Amino acid sequence: MSCETIEKSLIGYLDQELDREEETVVRDHLTQCASCSQRLKEVEQLRSVLLQDASASDSLFEEMRRTLFERIRDSRPSREMVLPVRRRSWAPLWVPVTLSLMLLIGVWIVPGRYQEFAMKRDLTALAKLEEGATSLYPEGVESLEEESAAVDEYLMLAQMEGEASSDDLEEDLELLNALGEGDDLSEEELEEIEEEIASLDEEALS
Amino acid sequence: MELVGVEEEGLAVAVAVDSTLSDLDLVRQVQEQDDLKAYEVLVKRYEKEAFGLAYTLVGSREDAKDVLQECFFNLYLSLKNFRGESSFRTYFFRVLVNRCRDEQRKKSVWGRIILRTVPMTEEEEESLEGVTLKTPSEELAQTELGQKIEEAMKGLPWRQRTVFALKMIDGMKIREIAELTELTPGAVKANIFHAISKMRSVLQDYLELSKG
Ligand SMILES: [Zn+2]
């Protein structure tokens, strides 16, 4: 096997993540090839230099944690407030629409070529949300809880990335939970949701 | 100063936290009892790896510390929604990488305003993403080695820098990096290889010197 191929596997060899066959090939090559053995040493050395540079003193971590836990304690009273559940008739439409708009804002208003990676993720999340909304239809009401778990995971990510304030998300979650508790939706409400989703679909695809 | 386990109305934390608990068990304790001691164990478990990554990506200790603090704070706020369907570790690092990227973007926008440069091509933009503005105290704290590394890292496009740091600093498996960055394992490998080659050539003098 060529030295270049071996070189590409050196880091995997160091971290012991090659399969047995690959590992044998690399090990055998290293016993015969001085230049690859030297490369291996360099990679090891590079890592130790980087690790040395990227380490920090205990005091830095202590300081970070002090600020962190102060903020956390300050945040607690507002988190304990009980949020009122909204009028049911408004809730079903409000949830998917707000969440989808939130996503669309995240996806489309961000300028330039900012993070294809983030955009792709947002679109996936949008698709998930729409699935969640679809499950509000009578035949899918039982699976709402499952769907809302997926939505929750997204919400957590969105919140961590500052796409929405935590109050917004608290409310959204309250509403999703309220919906999960067997509220029936009227024909009109279902139609409204359907229309809204269809228009969001179009927008997202155009 | 008492950092954790502070007695608050209805939230007294009397039970010691077993530091051998799994991530998920700790997450549950925070979710169910708002147990700050459990959260502290979780923070301590990841802070060093996370700092290494953040520092390598944003290029300044002060910024890395802030990014870390922000990330752990938001994580605490949203933890009750975490269902454990994905690994906490992968999840945490994904969020951290995104935070670092945002931090870099802010910096380069600032840098561009100050330098009054014209809009750049994509390639120029990629290589300038790593440009950071340093405060005087940071400048003093920079070692020669640190400067060389920062310089070398700046030359790497963001994607390469990310996978390189996840591999070299955090020792993550290719499979895990692929999951986290949404790249294929092959692309991860190729990016790591290119980054190593570049870093090695930029840091060659230093590596040569420290050979003996
Ligand atoms: Zn060879």
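The values are calculated or read from the model by the stated rules, or taken from the named source; none is laboratory data. What you see is a predicted model; the values in this text were computed from it and never measured. Quick reminder, even Gly has a Cβ in these numbers, built from the backbone with ideal geometry, and neighbours come from all protein chains shown. Note: areas computed on protein heavy atoms with side chains; ligands, DNA, RNA excluded. Shrake-Rupley method; radii C 1.70, N 1.55, O 1.52, S 1.80 Å.
Here are the numbers:
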| item | result |
| --- | --- |
| Residues that are open to solvent by less than 60 Å² (accessible area, probe 1.4 Å), under 19 Å from residue B:146 (Cβ atoms) and either hydrophobic (A, V, I, L, M, F, W, C) or within 15 Å of the ligand (Cβ to nearest atom) (or both), drawn from the range A:14-63 | A:46, A:49, A:50, A:54, A:56, A:60, A:61 |
| Among residues of the range B:173-193, those that are at the interface with chain A (Cβ under 10 Å from one of its Cβ atoms) and either β-branched (Val, Ile, Thr) or in contact (Cβ under 8 Å) with a residue 12 or more places away in the chain (or both), counted | 6 |
| Qualifying residue in the range A:76-90 (condition: more than 10 Å from every other protein chain (Cβ to nearest Cβ), more than 16 Å from the ligand (Cβ to nearest atom), modelled with pLDDT under 95 and part of a helix (DSSP H, G or I)) | yes |
| Helices (runs of 4 or more DSSP H) within the range B:93-212 that include 2 or more residues within 20 Å of the chain's Cα centre (by Cα) and modelled with pLDDT of 90 or more | B:158-168, B:174-181, B:185-202 |
| Positions within the range A:1-13 being within 8 Å of the ligand (Cβ to nearest atom) and within 12 Å of chain B (Cβ to nearest Cβ), in sequence order | A:6, A:7 |
| Those residues of the range B:64-88 which are open to solvent by 20 Å² or more (accessible area, probe 1.4 Å) and closer than 16 Å to residue B:162 by Cβ, in sequence order | none |
| Matching residues in the range A:13-61 - criterion: being under 13 Å from residue B:200 (Cβ atoms) and among the β-branched types (Val, Ile, Thr) | A:43, A:49 |
| Matching option when the condition is open to solvent by 40 Å² or more (accessible area, probe 1.4 Å) and within 22 Å of residue B:85 (Cβ to Cβ), among B:182, B:176 | B:182 |
| Pairs, first of a type in the set (A, V, I, L, M, F, W, C) in the range B:80-107, second open to solvent by 50 Å² or more (accessible area, probe 1.4 Å), C-beta under 8 Å, six or more apart | B:82/B:31; B:88/B:24 |
